[in-house]
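This report concerns only the one structure given below.
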Amino acid sequence: MKNKSCVLSNIVPAVICMLFIISFSVILVLNFRPLYYHDIKRLNIVEDSGIPENEIRRNYDVLISYNSIFHRGDLEFPTLAMSEEGGIHFEEVRNIFVFIQYLCIVTFIIGVPLVCMLIHRRNTAFLKLTGILTLTVPTILGILISMNWEAFFVTFHHIFFRNDYWIFDPATDPVITILPDTFFMHCAIAILVLVILFSVLSLMLSYIFSRYHSRKSS
């Protein structure tokens, strides 16, 4: 019974930390606009879309702001038309990102005092478990992405959306011409890299704390 309680005391904070790391990484990449600005030139978005770079940036900035929990109102692109189906899809996307943002806030609020308490009690085994659990996510996703990005992209949309509104027609939703699939792949890679870095940091902290506590005990 004691062993079961000990395992649970490590699993629960590890899962909370893992959820925070993943949600925080997603939010960081979502709001890191320089990644998209860099891809405008790298992916030849201006040439492919026929839209000036300053307009591309303005419309993209509005889309990112729309996905924030602090945004109020409907999505209205400054210079691009949008169909009713396109508006529904972006609303569904926003709901996902809003959930992730609230998940990040909740896990942070719960996680900080919990982590501080466990470290104070010299119970840092959860940090090692956090690193291990969190590494499984980028490992699995990384394998799937490297195998076939297009299949992964399509499967992702089938899982998270119950309609085909994500299949845009450039004639009615020209925003799709400034959002190439490759950009989303770069976002996915950036998220995976951040998750891996935070996982390694957790493992390093686990090692540092365990060494520190063992020296203090001896």
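Probing with 1.4 Å while keeping every protein chain in the model, the per residue accessible area of the chain equals 60 Å².
Calculated mean residue ellipticity, 222 nm, the chain: -26500 deg cm²/dmol, from DSSP H runs (n ≥ 4) at -39500 (n - 2.57) each, averaged per residue and rounded to 500. Extension gain, Ile96-Ala151: 0.36 nm per intervening residue step, less the Cα-Cα distance, totals 17.7 nm.
As a calculated quantity, the FRET efficiency between Lys41 and Ser9 at R0 = 41 Å, using C-beta atoms, amounts to about 0.25. Within the stretch 56-78, what residues put their amide N at less than 11 Å from the label point 7 Å along the Cα-to-Cβ vector of Asn163? Within reach of a label on Asn163, which here means backbone N under 11 Å from a point 7 Å along Cα→Cβ, the stretch 56-78 contributes nothing. Ligands, DNA and RNA left out, the accessible area of the stretch 1-142 computed with a 1.4 Å probe is 65% carbon and sulfur. At a Förster radius of 25 Å, what calculated FRET efficiency corresponds to the Cβ-Cβ distance of Arg57 and Phe108, to the nearest 0.05? Calculated value: 0.25. Shown for the chain are the DSSP H helices of 24 Å or more along their axis, judged by Cα atoms, with a mean Kyte-Doolittle hydropathy of at least 0.0: 2-31, 84-120, 125-147, 181-217.
Note on Glu84 and Leu201: with the Förster distance fixed at 35 Å, the Cβ-Cβ geometry gives a FRET efficiency of about 0.20. Each Lys and Arg contributes +1 and each Asp and Glu -1, all at the Cβ; summed about the Cα centre of the stretch 89-218, the dipole is approximately 1380 debye.
The values are calculated or read from the model by the stated rules, or taken from the named source; none is laboratory data. Given the structure is predicted, the values throughout are model-derived calculations rather than measurements. Counting neighbours? That spans all protein chains shown, and the Cβs are built from the backbone with ideal geometry, glycine included. Surface areas here come from the heavy atoms of the whole protein model, side chains and all, with no ligands, DNA or RNA. Shrake-Rupley method; radii C 1.70, N 1.55, O 1.52, S 1.80 Å.
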